[in-house]
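Data first, discussion second: the structure below is written as C-alpha cells.
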C-alpha cells in the first residue's frame, strides 16, 4: 500500500475514533498514537519508527476485544503492521 493511501486510512480511523472519545481514556490514547504513527509514516526516522512500532504493538493488543466494533481501525492497524514489517530491513 502506498504511503498516501495508508495515511488516509489512519486519518479515517482517527475520525472514527473521535466519536468514541467519551467512552474511555484508551480512545484518547489510541488517537494520539495513531497521529504519532501517521507522522512516522509521512517522515520515518529511526526514532519515530521505534516509538511508533511500540505504540502499534500496544494498540493492536488493546483493540483485540473490540475488533468487531471498529473494523476500519482494526484493518488500518493490520496495514500498519505490514508497512512496518516491510520498512524494517
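Each value in this text was obtained by applying a stated rule to the coordinates, not by laboratory testing. These numbers were taken from a predicted model, which means no experiment stands behind them. Note that we place each Cβ from the backbone using ideal geometry, even for glycine, and neighbour counts take in every protein chain shown.
Taking a cut-off of 18 Å, what percent of all Cα-Cα pairs in the chain are separated by more than that?
Numbers: 1407 of 3916 pairs.
Counting every Cα pair in the chain, those more than 18 Å apart make up 36 percent.
Measure nothing fancy, just the Cα-based angle from helix 46-63's long axis to the longest principal axis of the chain, in degrees from 0 to 90, nearest 10.
Tilt relative to the chain: about 30 degrees.
What nm distance separates the two modelled labels at residue 66 and residue 28, each placed 7 Å from Cα along Cα→Cβ?
1.4
Report the full-extension gain for the segment residue 7 to residue 47: residue separation times 0.36 nm, less the Cα-Cα distance, to one decimal in nm. Spell out each step's value before the answer.
On the way: separation 40, 0.36 × 40 = 14.40 nm, distance 1.89 nm.
Separation in residues times 0.36 nm, less the Cα-Cα distance, equals 12.5 nm.
Taking 8 Å as the Cα distance limit and 6 or more residues as the minimum spacing, I'd like the relative contact order of the chain as a percentage.
Working: 52 pairs, mean separation 29.5, N = 89.
The value is 33 percent.
Return one number: the angle in degrees, 0 to 90 and rounded to the nearest 10, between the long axis of the Cα atoms of helix 71-87 and the longest principal axis of the Cα atoms of the chain.
20
Quick check: the angle from helix 25-42's long axis to the longest principal axis of the chain, C-alpha only, nearest 10 degrees?
Helix 25-42 sits roughly 20 degrees off the main axis of the chain.
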